[in-house]
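**Q** Encoded as structure tokens, here's the structure I'll be asking about.
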Amino acid sequence: MEILGVIKEIKEVETIKSKAGKEYKKVLFILSNNDGYNGEEKIYAFEIFGEDKVDNFVKYNKQGDNVEVSFNIDTNEYNGKYYIKLSAWRVFKKIEGQEEQVQDDSFDNNNDDLPF
């Protein structure tokens, strides 16, 4: 799936541990657009996993950038609860009719050892 919008906020980079004890880098960023009812603002929270992917995202993106985000919707079950996340796997800056590739890394969505 793809969506256009403006980066509203980039959260601090986190380091998390999987069930197996492996460490991962993760960053959450907030995207907003006016795709809501009657043009109201909609916000979306996307996650990016992996050291190289997180480093590239933080290096090339900032609050206020117009971007196109390619993402997957993932659902995980943990202890009888279901968690839904939007996993971004490509982010393009949108520059007035031009497309500048900022990040073109596919994510390994096989995170079976994550705690959720």
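The values are calculated or read from the model by the stated rules, or taken from the named source; none is laboratory data. All values derive from a computational prediction rather than experimental measurement. Here the Cβ is made from the backbone with ideal geometry for all residues, glycine too, and neighbour counts use every protein chain on show.
**Q** Regarding region 58-67, can at least one residue be identified that is in a strand (DSSP E or B), modelled with pLDDT of 95 or more and out of contact with any helix residue (DSSP H, G or I) (no Cβ under 8 Å at 6 or more places or on another chain)? Steps first, please.
**A** First, pick out the residues of region 58-67 that are in a strand (DSSP E or B): 66-67.
This time we only want the ones that are modelled with pLDDT of 95 or more, so: 66-67.
After this cut, where a residue has to be out of contact with any helix residue (DSSP H, G or I) (no Cβ under 8 Å at 6 or more places or on another chain) as well, the list is 66-67.
Yes, region 58-67 contains a residue that is in a strand (DSSP E or B), modelled with pLDDT of 95 or more and out of contact with any helix residue (DSSP H, G or I) (no Cβ under 8 Å at 6 or more places or on another chain).
**Q** Kindly indicate whether residue 95 is exposed (fewer than 14 other Cβ atoms within 10 Å of the Cβ), of a type in the set (A, V, I, L, M, F, W, C), modelled with pLDDT of 95 or more and closer than 18 Å to residue 4 by Cβ.
**A** Numbers: exposed (fewer than 14 other Cβ atoms within 10 Å of the Cβ): yes; of a type in the set (A, V, I, L, M, F, W, C): yes; modelled with pLDDT of 95 or more: no; closer than 18 Å to residue 4 by Cβ: yes.
So residue 95 does not fit the description; no.
**Q** Given the conditions (1) modelled with pLDDT under 95; (2) part of a loop (DSSP other than H, G, I, E, B); (3) in contact with a strand residue (DSSP E or B) (Cβ under 7 Å, 6 or more places away or on another chain), and given that residue 108 satisfies all but one, which numbered condition is not satisfied?
**A** Here residue 108 clears every test but (3).
**Q** A further question on this structure: Considering only region 44-68, state which residues are surrounded by fewer than 19 Cβ atoms within 10 Å (Cβ to Cβ) and under 12 Å from residue 28 (Cβ atoms).
**A** 44, 45, 47, 58
**Q** If you go through region 1-11 one residue at a time, how many are part of a loop (DSSP other than H, G, I, E, B) and either in contact (Cβ under 8 Å) with a residue 60 or more places away in the chain or farther than 19 Å from residue 84 by Cβ (or both)?
**A** Restricting attention to region 1-11, the residues satisfying the condition of being part of a loop (DSSP other than H, G, I, E, B) are 1, 11.
With either in contact (Cβ under 8 Å) with a residue 60 or more places away in the chain or farther than 19 Å from residue 84 by Cβ (or both) added as a condition, the list becomes 1.
Number satisfying all stated conditions: 1.
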